[in-house]
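Inspection log for the structure reproduced underneath, given as structure tokens.
The values are calculated or read from the model by the stated rules, or taken from the named source; none is laboratory data. The structure presented is a predicted model; accordingly, all values stated were derived computationally and were not measured. Every residue, glycine as well, gets a Cβ built from its backbone with ideal geometry; the counts of neighbours run over all protein chains shown. For accessibility, only protein heavy atoms count, side chains too; no ligands or nucleic acids. Shrake-Rupley method; radii C 1.70, N 1.55, O 1.52, S 1.80 Å.
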Protein chains: 2
Amino acid sequence: MFAFGYMSAMKQYLYFEDFEAGQRYDLGSIAVSEDAIIEFASEFDPQPFHLDPKAGSDSMLGGLAASGWHTACLGMKLLYDGLIGHSSCQGSPGINTLSWKRPVMPGDTLTGTAEILATRPLQSRDEMGLVTLLVSLANQDKALVATYENPVMFLKRKGGA
Amino acid sequence: MFAFGYMSAMKQYLYFEDFEAGQRYDLGSIAVSEDAIIEFASEFDPQPFHLDPKAGSDSMLGGLAASGWHTACLGMKLLYDGLIGHSSCQGSPGINTLSWKRPVMPGDTLTGTAEILATRPLQSRDEMGLVTLLVSLANQDKALVATYENPVMFLKRKGGA
């Protein structure tokens, strides 16, 4: 059940067969600084309320707030650190229903969880299966800031389950 | 019909009332370098096939490929430059059905379009309406690499349409 090598010796290396609907993975936490919010927004989403505290305060966001894409990318980083990085992940065809529920502000710390919604073998690729994850990000007040569903392809164990 | 000030003098400033289902906005183009792919992946999605050309070649992606989140963020940048940046945009509640169709490789140039799928006034906020955009990104071979639906809130004109 445990593979050794590039993953942490303390973490089980995960194949398709290890996932079951209903499982929940803790993905750890990440802090969000004003500098990171502004740097990301400057490159990808330079709307005033993502760049300037005054413009943020004047907007419905109520203050300088991270681009929703930034929040989603922080979810990817947590998903990598907490699951994908010690797995046989082969990529993903996309995202279903990414929902931005609350602004992410400087000084927030986001904590991620991934719940397994469904698993199925891939008909087109016998060596892989598809696992649909529900990634949820909450802030330090335990309020949800974003959720998304992510179907991810994982290799099966060699020689079958 | 034209507002003057922070947007380009050559671009019409867009309010909710300016959008109609079936309209299509060209969003321009952006080039993708190997350095940018690796820098983004290092921060947000450090899977081997997003960091290392050899690992990319060994994967189903067929070569070093941008994180799908990177591609999506480049779509946001094109959407900002081509539409959002000269509009009354107030933010977005999320994304529906983000689809990664083909790998994005170093040297690719992505061209974006936004098609208006639907518009409706917001019941909860009389001063705004919701416009659902279909953002499509194609590479230099005119092959689609990603699409997503993005409902976006825009202010109405003051004093009504």
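Only protein heavy atoms count here, probed at 1.4 Å, and on that basis chains B and A bury about 3100 Å² of accessible area in total. How big is the antiparallel share of DSSP beta bridges in chain A, given as a percent to the nearest 5? Close to 95 percent. Each stretch of four or more DSSP H residues adds -39500 (n - 2.57); spread over every residue of chain B, this sum gives -6500 deg cm²/dmol at 222 nm.
Within the set of other residues whose C-beta is less than 14 Å from the C-beta of A:Asn150, count the net charge using Lys and Arg as +1 and Asp and Glu as -1. Result for the local shell: -2. At an R0 of 51 angstrom, the distance between the Cβ atoms of B:Arg120 and B:Asp35 translates into a FRET efficiency of 0.75.
Along chain B, the longest continuous region that contains none of the chymotrypsin sites (Phe, Trp or Tyr not before Pro) in a DSSP loop with at most 14 other C-beta atoms within 10 Å is B:7-161. Within the stretch A:65-161, the trypsin sites (Lys or Arg not before Pro) that combine a DSSP coil assignment with at most 13 other C-beta atoms in a 10 angstrom radius are A:Lys142, A:Lys158. For chain B, carbon and sulfur atoms together expose 52% of the accessible surface, with a 1.4 angstrom probe and every protein chain in place. Counted by Cβ distance under 15 Å from B:Tyr13, the other residues give a net charge of +1, where Lys and Arg count +1 and Asp and Glu count -1. Note that chain B presents 46 Å² accessible area per residue, ligands and nucleic acids not counted, probe 1.4 Å. Any idea which of A:Ile37, A:Ala72, A:Ser59 is furthest toward the positive side of the dipole for the stretch A:31-77, if Lys and Arg beta-carbons carry +1 and Asp and Glu beta-carbons -1? Looking along the dipole axis, the top candidate is A:Ala72. Distances, shortest first, from the label point of A:Ser29 to those at the same position in the other copies read 4.7 nm; the point lies 7 Å along Cα to C-beta. Separation of the stretch B:35-73 from the stretch A:66-93 is 12 Å, based on Cα centroids. Amide H contacts under 5 Å for B:Met128: B:Leu122, B:Lys156, restricted to partners 5 or more places along the chain or on a different chain, H placed in the peptide plane at 1.01 Å from N. Given Cα pairs under 8 Å that are at least 6 residues apart, what percent is the relative contact order of chain A? Answer for chain A is 29 percent. Spread over its residues, the convex hull of the C-alpha atoms of the stretch A:6-155 is 121 Å³ per residue.
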